[in-house]
Amino acid sequence: MADLFTPFGQSDALKLSPEAQKAMPLAARMRPTCIAEVAGQGHLLAEGKLLRRAIETDRFSSLIFYGPPGVGKTTLAYVIAQQTSAFFVMLNGVESNVSEIREKIAEARTRMSLHGQKTIVFVDEIHRFNKAQQDVLLPHLERGTVRFIGATTENPYFAINSAMLSRSQVFPLEPLADEDIISLLHRALLDDVRGLGSMSLAVTDEALAHLALKSDGDVRKALTALEVALLSTPADAQGVVQVGLVEAEESIQRKAIRYDRKGDGHYDTISAFIKSMRGSDPDAALYWLATMLNAGEDIRFIARRIVICASEDVGLADSNALRVAMDAAQAAEMLGMPEARIPLAHAAVYVATAPKSNAAYMGINEAMRDVREGKTLAVPDHLATPTRKRLAKLRGVSDEEVDYKYAHDFAENYVPQAYLPEGRIYYTPSGNGMELRIAERMAHLRKLREGQ
């Protein structure tokens with residue numbers, strides 16, 4: 001257990017006193033010491049996954065972990081060192097220089113020759129290593145003098161040069177799910193050695209859920225906020241520190257939005273958002289959009305609703321609304337939060353302020369109802385395949401009834417002919433936006449048919 005408190009960045013095996021251990025931040029004390037304690041990252045660390053097999057069999061050379069802050073890049077590197085009994089050396093891509101790198105490599109070579117112990121050199125912010133730093137490190141990676149683990153918040157395929165990438169296996173780490181963070185917070189509250197289990201505490205589930213949600217997948221942020229909440233809240237008359245939603249909000253400095261992503265809040269708010277766009281109120285649409293974004297709603301869910309509204313409620317009155325909504329959905333997916341709010345707001349305001357028509361939507365609903373409930377209509381002979389036409393002629397159908405008239409051979413690229421046996425009408429354009437022009441054209445074509 002003492003190895004847990006080896007300070008990161010020091011190359012000796014100095015251990016801290018119990019008093020110094022307690023002075024460490026909760027997030028540092030609760031660092032996992034083995035793979036089993038690592039939360040999340042099941043795509044990398046579940047039984048049978050490549051990275052887990054490589055760690056358990058001690059068969060790896062150079063690794064690069066990338067992902068947002070607080071997802072466990074440094075922690076996983078330290079766990080690997082613990083699991084493989086390697087000496088752990090931490091460098092920083094900003095602060096470390098060439099002479100320090102050479103010094104650590106020389107120490108690693110000596111350590112291997114005298115004690116047979118491997119050394120893991122962990123480089124945080126590896127994307128900030130310049131060419132000179134990488135040139136010093138690369139030959140020793142090939143010779144196996146040290147094992148290298150890099151961590152970066154940037155996409156390594158853009159931020160790290162090809163020479164380093166070609167010598168490394170790249171693994172993406174993902175933000176922790178709320179459930180994983182809540183589990184870690186519970187563990188910290190119960191652990192009386194590393195955590196807060198020796199204190200008299202009462203923390204509500206609502207407070208833990210808020211910390212998990214507002215930490216945005218960053219477990220370090222969640223643990224730090226929990227510690228701040230507990231240490232800054234005075235005990236009650238019974239000596240118990242009570243932490244509820246109010247204390248959680250203050251500790252993470254983000255207000256709890258009354259919004260249940262799986263319950264009424266979710267459905268009520270998205271309903272208000274859609275109805276605001278349909279009702280041509282961009283201000284209300286932006287407010288409900290902001291509510292969902294602040295509550296952590298899935299941006300893909302929001303984008304899908306905007307796309308549906310653009311086609312269902314705007315429709316042919318302004319077909320560009322659908323293009324704007326689709327572009328916004330793609331942009332939001334590419335950007336992620338917080339930038340995704342910008343294209344989503346762009347599309348929501350466009351849809352809200354566009355002219356409205358649900359004529360196409362109502363038309364397809366009525367046509368589908370007829371298909372489900374009415375008799376199946378036969379395809380007219382002149383619209384069918386050549387084989388059908390030959391069979392129709394054998395039945396005595398006249399050539400004129402069978403022959404299909406190609407619209408582009410006629411004036412205005414239009415010729416009156418039946419396309420539906422019973423001549424039903426499903427689409428009636430409104431007089432809004434571009435549909436006004438559609439209505440005018442359909443009226444013109446109707447006159448051509450009547451004057452046939």
Would you work out the relative contact order for segment 203-333, in percent, from Cα pairs under 8 angstrom that are 6 or more residues apart?
18
Between the residues 198, 156, 209, the Cα farthest towards the positive end of the dipole of segment 111-232, that dipole coming from +1 and -1 charges on the beta-carbon of Lys, Arg, Asp and Glu, is from 156
Electrostatic dipole magnitude of segment 71-212 [Cβ: Lys, Arg +1; Asp, Glu -1; Cα centre; debye, to 20]
960
Between residue 298 and residue 110, how high is the FRET efficiency from 1/(1 + (r/R0)^6) when r is the Cβ-Cβ distance and R₀ = 56 Å? Nearest 0.05.
0.60
Rounded to the nearest angstrom and ordered from largest down, what semi-axes does the equivalent ellipsoid of segment 264-353 get from its C-alpha gyration tensor (root of 5λ)?
18, 16, 10
In degrees, nearest 10, range 0 to 90: what is the angle between the Cα axis of helix 282-294 and the longest Cα principal axis of the chain?
30
Mind checking which of 144, 127, 32 is farthest towards the positive end of segment 32-157's charge dipole, using Cβ charges of +1 (Lys, Arg) and -1 (Asp, Glu) about the Cα centre?
144
To the nearest Å, what is the center-to-center distance of segment 342-387 and segment 136-150, using C-alpha atoms only?
61
Dividing the alpha-carbon Rg of segment 148-259 by 2.2 N^0.38 Å yields what?
1.37
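Charges only on Cβ, +1 for Lys and Arg, -1 for Asp and Glu: so what's the dipole of segment 318-383 about the Cα centre, in debye to the nearest 20?
140
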In nanometres, what is the gap between the two model label sites at residue 334 and residue 368, each 7 Å from Cα along Cα-to-Cβ?
3.1
Would you mind checking the tilt of helix 219-232 against the longest principal axis of the Cα atoms of the chain, expressed as 0 to 90 degrees and rounded to 10?
60
What does the convex hull of the Cα atoms come to per residue for the chain, in Å³?
239
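Hey, got the dipole for segment 264-353? About the Cα centre, +1 on K and R Cβ, -1 on D and E Cβ, debye to the nearest 20?
For this selection, approximately 120 debye.
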Taking every DSSP beta bridge with both residues inside the chain, roughly what % is antiparallel (nearest 5)?
0
Would you work out which of 241, 315, 48 lies farthest towards the positive end of the dipole of the chain? Charges go on Cβ: Lys and Arg +1, Asp and Glu -1.
48
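Please arrange 121, 246 by how many other C-beta atoms lie within 10 Å of their C-beta, fewest to most.
With the fewest neighbours first, 121, 246 line up as 246, 121.
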Please sort by residue number the trypsin sites (Lys or Arg not before Pro) in segment 123-222 whose DSSP state is loop and whose Cβ has at most 16 other Cβ atoms within 10 Å.
167
Hey, what angle do you get for helix 98-115 against the long axis of the chain, alpha-carbon based, 0 to 90 degrees rounded to 10?
60
Listed pairs 73/214; 49/118; 49/73; 104/131; 221/275; 356/405 exceeding 28 Å between Cα atoms
221/275; 356/405
Give the distance, in whole Å, between the Cα centre of segment 87-129 and the Cα centre of segment 47-79.
18
Ranked 376, 75, 57, criterion: other C-beta atoms within 10 Å, fewest first
376, 57, 75
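A short reminder: the numbers here are calculations on the coordinates, not readings from a lab. All values derive from a computational prediction rather than experimental measurement. Positions of Cβ are generated from backbone atoms using ideal geometry, with glycine treated the same way; all protein chains shown enter the neighbour counts.
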